[in-house]
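K.L.:
One structure is given below, represented as structure tokens, and several questions about it will come after.
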Amino acid sequence: SQQGEEDPQALSIQEGENATMNCSYKTSINNLQWYRQNSGRGLVHLILIRSNEREKHSGRLRVTLDTSKKSSSLLITASRAADTASYFCATDPFNDYKLSFGAGTTVTVRA
Amino acid sequence: IAGITQAPTSQILAAGRRMTLRCTQDMRHNAMYWYRQDLGLGLRLIHYSNTAGTTGKGEVPDGYSVSRANTDDFPLTLASAVPSQTSVYFCASRQVPNTGELFFGEGSRLTVL
């Protein structure tokens, strides 16, 4: 079974609004990563947060990690139409390099 | 441009036929992966390789085989394709344990009739 599960499955927002999506996972991790996928393309890495970190920023992206709850969130601030894509969390376990992905959140940003 | 190249981009295949999806990377990464992506299920790991000469099974390995004869190439073979193997297949690579980021190819869309 998959390690990570994203919530919600789909999100529709107006340009300029913030988009928040969540990821829950089951087992201990070394790090958690977020990826973006535009329609018909491969996944692109956005940000990585290690298990000893609680929050990380990259441009308009903010990621939090709560290892006690086994959950993470990705916040995209001031969204743009170009942010329309699917977003996936991936968990990287200790001593095992098998990165597991969730089912993703599809984000639509309306102009 | 450095990265991962997958071939073919798209293929329609009759059930029972053998098919090999090719994957080549020029980043000298030690670890390589094959995922399949199906609507509503996200990406599921088929097989992986942490270094040339070694391979391992992922979440959904049945019906697939891989080899890793060298650092750059990681072909995925369907010995006898079935319709349930209709999917988009992604190859990815990264350097372990130093970095976490996975680099993906653009995918191979396979339809088995």
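The values are calculated or read from the model by the stated rules, or taken from the named source; none is laboratory data. Note that the structure is a prediction, hence the values are computed from the model and not measured. Note that each Cβ is placed from the backbone with ideal geometry, even for glycine, and that neighbours are counted across all protein chains shown. When the accessible area is computed, the model is the full protein with side chains, heavy atoms only, and any ligands, DNA or RNA have been set aside. Shrake-Rupley method; radii C 1.70, N 1.55, O 1.52, S 1.80 Å.
K.L.:
Taking the criterion of being closer than 20 Å to A:ASP92 by Cβ, in contact with a strand residue (DSSP E or B) (Cβ under 7 Å, 6 or more places away or on another chain) and part of a strand (DSSP E or B), would at least one residue in the stretch B:10-28 satisfy it?
P.N.:
Among the residues of the stretch B:10-28, at least one is closer than 20 Å to A:ASP92 by Cβ, in contact with a strand residue (DSSP E or B) (Cβ under 7 Å, 6 or more places away or on another chain) and part of a strand (DSSP E or B), which makes the answer yes.
K.L.:
Determine whether A:SER79 is of a type in the set (S, T, N, Q), open to solvent by less than 60 Å² (accessible area, probe 1.4 Å) and within 12 Å of another protein chain (Cβ to nearest Cβ).
P.N.:
Considered against the rule, which asks whether it is of a type in the set (S, T, N, Q), open to solvent by less than 60 Å² (accessible area, probe 1.4 Å) and within 12 Å of another protein chain (Cβ to nearest Cβ), A:SER79 comes out as no.
K.L.:
B:CYS23 versus (1) surrounded by 15 or more Cβ atoms within 10 Å (Cβ to Cβ); (2) at the interface with chain A (Cβ under 10 Å from one of its Cβ atoms); (3) of a type in the set (A, V, I, L, M, F, W, C): which is the lone unmet condition?
P.N.:
Here B:CYS23 clears every test but (2).
K.L.:
Within the stretch B:57-113, can you find the residues that are within 14 Å of chain A (Cβ to nearest Cβ), more than 11 Å from B:TYR35 (Cα to Cα), part of a loop (DSSP other than H, G, I, E, B) and open to solvent by 30 Å² or more (accessible area, probe 1.4 Å)?
P.N.:
Hits for the stretch B:57-113 are B:GLN95, B:PRO97, B:ASN98, B:THR99, B:GLU101, B:GLU106.
K.L.:
Got a number for residues in the stretch A:20-45 being of a type in the set (Ser, Thr, Tyr), surrounded by 14 or more Cβ atoms within 10 Å (Cβ to Cβ) and more than 14 Å from A:ASP7 (Cβ to Cβ)?
P.N.:
The number of residues fulfilling the criteria is 1.
K.L.:
Could you grab the pairs with beta carbons closer than 8 Å, sequence gap of 6+ or different chains, first residue in the stretch A:84-108 and within 18 Å of A:ILE29 (Cα to Cα) and more than 10 Å from chain B (Cβ to nearest Cβ), second one of a type in the set (Val, Ile, Thr) and open to solvent by 30 Å² or more (accessible area, probe 1.4 Å)?
P.N.:
Once the first residue is within 18 Å of A:ILE29 (Cα to Cα) and more than 10 Å from chain B (Cβ to nearest Cβ) and sits in the stretch A:84-108, its partners that are of a type in the set (Val, Ile, Thr) and open to solvent by 30 Å² or more (accessible area, probe 1.4 Å) give A:THR91/A:THR27; A:PRO93/A:THR27.
K.L.:
Now, a different point. Take the residues in the stretch B:30-46 that are without any contact (Cβ under 8 Å) to a residue 60 or more places away in the chain and touching a Phe, Trp or Tyr at 6+ places or on another chain (Cβ under 6 Å), then tell me which one is farthest from B:VAL96 (Cα to Cα).
P.N.:
If we take residues in the stretch B:30-46 being without any contact (Cβ under 8 Å) to a residue 60 or more places away in the chain and touching a Phe, Trp or Tyr at 6+ places or on another chain (Cβ under 6 Å), then B:GLY42 is farthest from B:VAL96 (Cα to Cα).
K.L.:
A further question follows. How many residues, within the stretch B:26-45, are aliphatic (A, V, I, L, M), open to solvent by 30 Å² or more (accessible area, probe 1.4 Å) and closer than 18 Å to A:GLU6 by Cβ?
P.N.:
2
K.L.:
Quick check on the stretch B:29-56: of everything there that is out of contact with any Pro (no Cβ under 8 Å at 6 or more places or on another chain), more than 9 Å from chain A (Cβ to nearest Cβ) and not in a loop (DSSP other than H, G, I, E, B), which residue is modelled with the lowest pLDDT?
P.N.:
Here the residue is B:ASP38.
K.L.:
Does the stretch A:55-64 contain at least one residue that is touching a Ser or Thr at 6+ places or on another chain (Cβ under 9 Å) and under 22 Å from B:LEU45 (Cβ atoms)?
P.N.:
no
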